[in-house]
Structures are given as structure tokens and as C-alpha cells.
Amino acid sequence: MAASPAPVPQKMGWLIRIELLDVTPKVWRRLLIPSTLRLPQLHRVFQAALGWTNSHLHEFVIAGKRYAIYDPEWATELKQKNERLVVLERALGHEARCFDYVYDFGDDWHHVVMIEDHYARLDPRAPLQCVAGENACPPEDVGGSHGYQEFLEVLADPEHEEHERYVTWSGGSFDPARFDLDAINAALAKIKL
């Protein structure tokens, strides 16, 4: 009689929700992640889950401290710490419930990240997972929340003088309600931990 394969041990992690502020329709994702991610890995997770293209600088604000890619010219002035070796659970602490993530200092996309469960079970075969969400992230370089609102209004009005230009600029089509869970999880699966 053949022996049964040994069960795969369950790992624990966090269930988090990241929400992009100041946009309508609301853009959010619910993610299962290891709490031991380093901040650069978490940045890649957020980029993949939200559909950003990693074309701009970013910053985490955790427990009153600012973390970013280290730039000696700006680190002191901006009071930023080097994110490279920072582990999320150590920076946040186990009982904290939220922190901020800012992407693209020109468009200033501000996200709030809430820890919904500190004891979530992770699938060892797919330790990064998106389990829910809504709506598409705005296109890169659209001009922040005000520019995005204008962009959506122009796209919705075929008679608007800028309509064709915006359609062309956005690649021919943009659906603000688009949310593809399978595509997001395929992107997350490519992230090396």
C-alpha cells in the first residue's frame, strides 16, 4: 500500500485590505500576504494587485515613520528611512491595524492599508493571493484624483472635444469597473518571496 503524501504545513499570515482614497468608483483589494514581507516586496504586491506599472516613486508611512527607496540626497530632508531591509510585521507591530502607502508623488495616489486578520491561513503553494476587490486602478499619469474624475467624464461623453484624444491616450478602451481576480493572482504568482 502506497503511503499518503505528507500534509503541507499551513503558514499564517495577514489578511489586508488596500484602498485607493479620493477616487470614485472606489478601488480596493483584499489580499492574503505573509506578514514577514520586506517593504520592497510589499510594494511589488501592491503594484501587481492594483494594476499600477511601477513607474514612479512610492512611500510607506508606518507607525509615524516614512520608508522609501533610499536616496541620500533626499532622505534627510524628507525624513525617510531606507525600506530595503524593513520587515512589515516588525515595522508595524502585531497589534497595529493600519498604515499608508503613497504612490507617484506627482499624482499623489494615497492608499490606506488595513490589517483585517493577523491570523489568516496562507496557501503554501500561493502565499500571495487576492481574494476580493473592486474596480480598475486609474491609468498612470492621469493627473491624480481630479484628473481621473475629468478623464472618466470625458470618456463617458462621446461629444466632448477631448473624447477621442483620451480614448487614444488610454489605449483604446478603459473600463473603470474592470476587476479581474484571475489576472491579479497570476501577477502575484510571479513575485518571488
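The values are calculated or read from the model by the stated rules, or taken from the named source; none is laboratory data. These numbers come from a predicted model, not from an experiment. Cβ: placed from backbone, ideal geometry, glycine included. Neighbour counts: every protein chain shown.
Residue-wise test of (1) exposed (fewer than 14 other Cβ atoms within 10 Å of the Cβ); (2) within 29 Å of A177 (Cβ to Cβ); (3) aliphatic (A, V, I, L, M).
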position: V87; (1), (2), (3): no, no, yes
position: H94; (1), (2), (3): yes, no, no
position: F99; (1), (2), (3): no, yes, no
position: Y103; (1), (2), (3): no, yes, no
position: D123; (1), (2), (3): yes, yes, no
position: A126; (1), (2), (3): yes, yes, yes
position: G133; (1), (2), (3): no, yes, no
position: A136; (1), (2), (3): no, yes, yes
Do you know which of the residues in the range 163-175 that are hydrophobic (A, V, I, L, M, F, W, C) and in a helix (DSSP H, G or I) is nearest to the chain's Cα centre (by Cα)?
-> W169
Taking the range 33-49 as the search range and keeping residues that are among the β-branched types (V, I, T) and not in a strand (DSSP E or B), which one is farthest from E134 (Cα to Cα)?
-> T36
Is the range 80-94 home to any residue that is within 30 Å of D175 (Cβ to Cβ) and of a type outside the set (D, E)?
-> no
Go through the range 33-79 and give me each residue that's of a type in the set (S, T, N, Q) and either within 24 Å of W14 (Cβ to Cβ) or modelled with pLDDT of 90 or more (or both).
-> S35, T36, Q41, Q47, T53, N54, S55
Got at least one residue in the range 176-184 being outside any loop (DSSP other than H, G, I, E, B) and in contact with a helix residue (DSSP H, G or I) (Cβ under 9 Å, 6 or more places away or on another chain)?
-> yes
If the Cβ limit is 8 Å and pairs must be 6+ apart or interchain, which residue in the range 37-48 that is closer than 10 Å to V87 by Cβ pairs with which residue that is assigned to a helix (DSSP H, G or I)?
-> L37/V45; L37/L88; R38/L88; L39/L88; L39/A91; L42/L88
Output the residue which, of all residues in the range 67-117 that are more than 23 Å from V23 (Cβ to Cβ) and of a type in the set (K, R), is nearest to the chain's Cα centre (by Cα).
-> R84
Any helices (runs of 4 or more DSSP H) falling wholly within the range 50-162 and containing at least 3 residues that are free of Cβ contacts under 8 Å to residues at least 12 places away in the same chain and over 19 Å from L31 (Cβ atoms) | 75-78, 144-156
